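J.: This is the structure I have questions about; it appears just below.
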Amino acid sequence: MKTRTLEFLRNLQDRCSRSRRWLFVAVTTLCLIPLNMRAQGIGDILLLLHNITSALQGPIGDALSEMRKVSTAVNNFRQQIIWPLALINQTRTFVSATRAHYTGLMSQIEGLKNNSATLALPMQLESMFRSAQSGSIAQLPSIYTQVYQPLALAGIAQPVQRNLMDIDDAMSMDSLKTAMVSDQTTEGMLTLADSLEQQAMSAAPGSASMVTAQARVADLETQAQLAKMLASQLRQEATKLAHQNALLKQRSLATQNLQNQIQQVLSHP
C-alpha cells in the first residue's frame, strides 16, 4: 500500500514538471519574437488603411462628386423644364378653384327631381326606372303590366294585333331597362370623374400620364355606353316604323277585302 502511494506521488510530480516545462517554453517563445516583426505587422495595417482613405478621397471621391453634379442637373431639368413646379402649382390652384365653383351647382342639378306621375302605380313605375339601380330590373315587367295592361287574349284581339302589342311592350321594356343601366353607369362615371379631379389636385409631378390614362379609359366606357343607347334608340325607331308599316298592311288588306265584298254585291243578280 505504501509502495503504491509513493509511485502515485512520483507520477504526479513528473506530470507537474512536464506542464511547467511546456508553459516555460511557450512564454520563452513569445518573448523571443522580435519587436520589429510585430511593429511591421501594425505598419502594414496602417498602410492599408491609408491607401483606402486616399482612394476614397481621390479617384472614387471625384467620381462620386461628378455623379452628384449630374444628379443635381437632372433634377433641375425635371423641375424647371419637364415638370415646372410653378406651373404645376398653378394648375392645381385652377383645378381646386374650378371644383369649388361648380361642385355646388352640379350637386343642385343632380338633386333635381323631375318625376311627374301622380297616381300610385305610375309613381312606382316612374320611381323604378329613374332609380338608376339595375338590380330592380326584374320587378319592372310586373309593374309595367299593371300600368299598361296585360296582353289581350287570343279571343279578344286578332293574332296580328296581339303580335304588335307584344313587340311594342317588349321594345318599351327594353328601352326602360337600357335607360336604367345607362343611368347607373352615368352615376359611376360621375363618381370616377370626381375621383380624377381629386387626383389632379394632389397628383405628384410625372404622374399626369397615369391620371390621363384613367380619364381615357373612362371616356371609352362612356362612348361605349352612348353607343348602346344609340342602338336602343335605333331599335325603338325601327320598331315604330315596323308598327306603322304593319298598320298600313292591315289597312290595305281591309281595303282589298272591302273591294272583294263590293264586287260580290255588284255581281249578285
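The values are calculated or read from the model by the stated rules, or taken from the named source; none is laboratory data. Treat the numbers as computed from the prediction; the structure is a model and nothing was measured. Neighbour counts are summed over all protein chains in view; Cβ atoms, including those assigned to glycine, are modelled from backbone coordinates with ideal geometry. Heads up: the accessible areas ignore ligands, DNA and RNA and are worked out on the full protein's heavy atoms, side chains in. Shrake-Rupley method; radii C 1.70, N 1.55, O 1.52, S 1.80 Å.
J.: Under unit Cβ charges (Lys, Arg +1; Asp, Glu -1), what dipole magnitude, rounded to 20 debye, does the stretch 141-269 have relative to its Cα centre?
T.: Rounded to the nearest 20 debye, it is 680 debye.
J.: Please work out whether the stretch 139-269 counts as rounded, prolate or oblate from its C-alpha gyration tensor, where a ≥ b ≥ c are the square roots of the eigenvalues and a/c under 1.5 means rounded, while otherwise a/b larger than b/c means prolate and anything else oblate?
T.: Note, shape of the stretch 139-269 comes out prolate.
J.: With each label point set 7 Å from Cα along the Cα-Cβ vector, what nm distance links L220 and A154?
T.: Label at L220, label at A154, 5.1 nm between them.
J.: How far is it, in nm, from the label point at N115 to the one at L230 when both lie 7 Å from their Cα along the line to the Cβ?
T.: 3.3
J.: Compute the accessible area per residue over the stretch 158-269, keeping the other protein chains in place, probe 1.4 Å, unit Å².
T.: Using a 1.4 Å probe on heavy atoms only, each residue of the stretch 158-269 averages 70 Å².
J.: Could you work out how much longer the chain between Q133 and E197 gets when fully extended? Use 0.36 nm per residue separation minus the Cα distance between them, nm to one decimal.
T.: Contour length minus the Cα-Cα distance gives 20.5 nm.
J.: Leaving out ligands, DNA and RNA, what percent of the accessible area of the stretch 196-244 is carbon and sulfur, probe 1.4 Å?
T.: Using a 1.4 Å probe with all protein chains present, the stretch 196-244 comes out at 63 percent carbon and sulfur.
J.: Let me ask you something else. Once you list every other residue whose beta carbon is under 14 Å from the beta carbon of M229, what net charge do they have if Lys and Arg are +1 and Asp and Glu are -1?
T.: Here the count lands on -1.
J.: Something else about it: Excluding D194 itself, calculate the net charge of residues whose Cβ lies under 14 Å from the Cβ of D194, where each Lys or Arg counts +1 and each Asp or Glu counts -1.
T.: Summing Lys/Arg as +1 and Asp/Glu as -1 gives -2.
J.: T98 versus S252, label points 7 Å from Cα toward the beta carbon: distance in nm?
T.: The two pseudo-label positions are separated by 5.7 nm.
J.: Here's something else I'd like to know. Using 1/(1 + (r/R0)^6) with R0 = 30 angstrom and r between the beta carbons of L190 and Q90, what's the FRET efficiency to the nearest 0.05?
T.: 0.70
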